[in-house]
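*Asks:* First the structure, then my questions, so here it is.
The values are calculated or read from the model by the stated rules, or taken from the named source; none is laboratory data. Every value quoted in this text rests on a predicted model; they were computed, and no experiment measured them. Quick reminder, even Gly has a Cβ in these numbers, built from the backbone with ideal geometry, and neighbours come from all protein chains shown. Heavy atoms of the whole protein, side chains included, go into the accessibility calculation; ligands, DNA and RNA do not. Shrake-Rupley method; radii C 1.70, N 1.55, O 1.52, S 1.80 Å.
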Amino acid sequence: MARVTEPSRYGDGVAVVVVTYFPGEDLDRFLDSLEKASTRDVHVVVADNDSTDDALDRAETRTNTHVLRIGENLGYGGGANRGVATLDDRYGWIVIANPDLEWEPGSLDTLVEAAQRWPRGGAFGPLIRDPDGTVYPSARLLPSLGRGVGHAVFGKIWPANPWTRAYRQEHAAPSERTSGWLSGSCQLIRREAWDSVGGFDTRYFMYFEDVDLGDRIGRAGWHNVYVPSATVTHIGGKATSRAPKKMLAAHHDSAYRYLADRHRGPAWKPVLAAVKLGLKLRLKFETRGK
């Protein structure tokens, strides 16, 4: 259980770690909108997974922005961990984000203000809108075996299945509340909570790293808190669109890893074998002709 009543060894500074992979103009838009998202002196780390476009050069000309050129593709969680590792103890609050986001004015300050209301809050996620204004279900239940398998196997081919609807919590009112996990595309994390779980599990190259993080934050005695009074827009899909088949395979691998990590022992082996077969068939179905 996290000992959240002890004084923090960190300052109250806010740092934003944005993980990039060929971000293009998305990064410019992200940084432009971030300037209006907070009145604080926000430090930005661009943790780049071996991009070669000129967006990084433009980012380096901005004040309070450090470009970390990792030199290899570590995936989203690995890149985020490297970015956070560059921060000193002045920064007690970390934002982990994708570059394909636009911040609403004041939205980062709203997240930080919400954190003051939740002393046991470890991670805080804003309301995320798609470009058409639709609210994306970014605060969800943790995937139990039944719910997780149902969503993973049938989510794309039968979107209205009961497992996906329960898992995504799409019909829950957008109110400030605790959640099983929060979308990794944008969340504010208390530095002590991050330390208590060791950041992202780098075995997840892409996908489910945020589900796993939310689960471990909860197990460590912290809350994942949905803060819909703060809003961002997620353009989405650019990194994934570079290699859709590879990214879909990564999604399935991560889904299996998440479930296998939490269902160990001989009794679970037949169940997990069936899960792996189902995910393999789904991948074949979704990538036929690609």
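*Asks:* Based on what the data block shows, is Leu259 among the hydrophobic types (A, V, I, L, M, F, W, C), free of Cβ contacts under 8 Å to residues at least 40 places away in the same chain and in a helix (DSSP H, G or I)? Can you show your working first?
*Replies:* Details: among the hydrophobic types (A, V, I, L, M, F, W, C): yes; free of Cβ contacts under 8 Å to residues at least 40 places away in the same chain: no; in a helix (DSSP H, G or I): yes.
No, not satisfied.
*Asks:* Give me the pairs, please: first residue somewhere in the stretch 121-132 and touching a residue at least 40 places away in the same chain (Cβ under 8 Å) and in a strand (DSSP E or B), second residue anywhere and of a type in the set (Val, Ile, Thr) and open to solvent by 10 Å² or more (accessible area, probe 1.4 Å), beta-carbon distance under 7 Å, and either six or more positions apart or on two chains.
*Replies:* Pro126/Thr231; Leu127/Val135; Leu127/Thr231; Arg129/Val135; Arg129/Thr231; Arg129/Thr233
*Asks:* Out of the stretch 184-218, which residues are among the acidic types (Asp, Glu) and part of a helix (DSSP H, G or I)?
*Replies:* Those that are among the acidic types (Asp, Glu) and part of a helix (DSSP H, G or I): Glu192, Asp195, Glu209, Asp210, Asp212, Asp215.
*Asks:* Could you say which residue among Arg29, Arg9 is within 24 Å of Gly122 (Cβ to Cβ) and either crowded, with 16+ Cβ neighbours inside 10 Å or out of contact with any strand residue (DSSP E or B) (no Cβ under 6 Å at 6 or more places or on another chain) (or both)?
*Replies:* Residue meeting the stated conditions: Arg9.
*Asks:* I've got another one for you. For the stretch 14-26, which positions are surrounded by 24 or more Cβ atoms within 10 Å (Cβ to Cβ) and not in a loop (DSSP other than H, G, I, E, B)?
*Replies:* Val16, Val17, Val18, Val19, Thr20
*Asks:* Any residue that is open to solvent by less than 20 Å² (accessible area, probe 1.4 Å), free of Cβ contacts under 8 Å to residues at least 40 places away in the same chain and over 18 Å from the mean Cα position of the chain (by Cα) - is there at least one of those in the stretch 84-103?
*Replies:* no
*Asks:* Which number in (1) in a loop (DSSP other than H, G, I, E, B); (2) closer than 17 Å to Gly83 by Cβ; (3) small (Gly, Ala, Ser) marks the one condition that Gly221 misses?
*Replies:* Of everything listed in (1) in a loop (DSSP other than H, G, I, E, B); (2) closer than 17 Å to Gly83 by Cβ; (3) small (Gly, Ala, Ser), Gly221 misses just condition (2).
*Asks:* Also, I was wondering about something else. Among the helices (runs of 4 or more DSSP H) contained in the stretch 36-119, which hold 3 or more residues that are of a type in the set (Gly, Ala, Ser)?
*Replies:* Answer list for the stretch 36-119: 75-85, 107-117.
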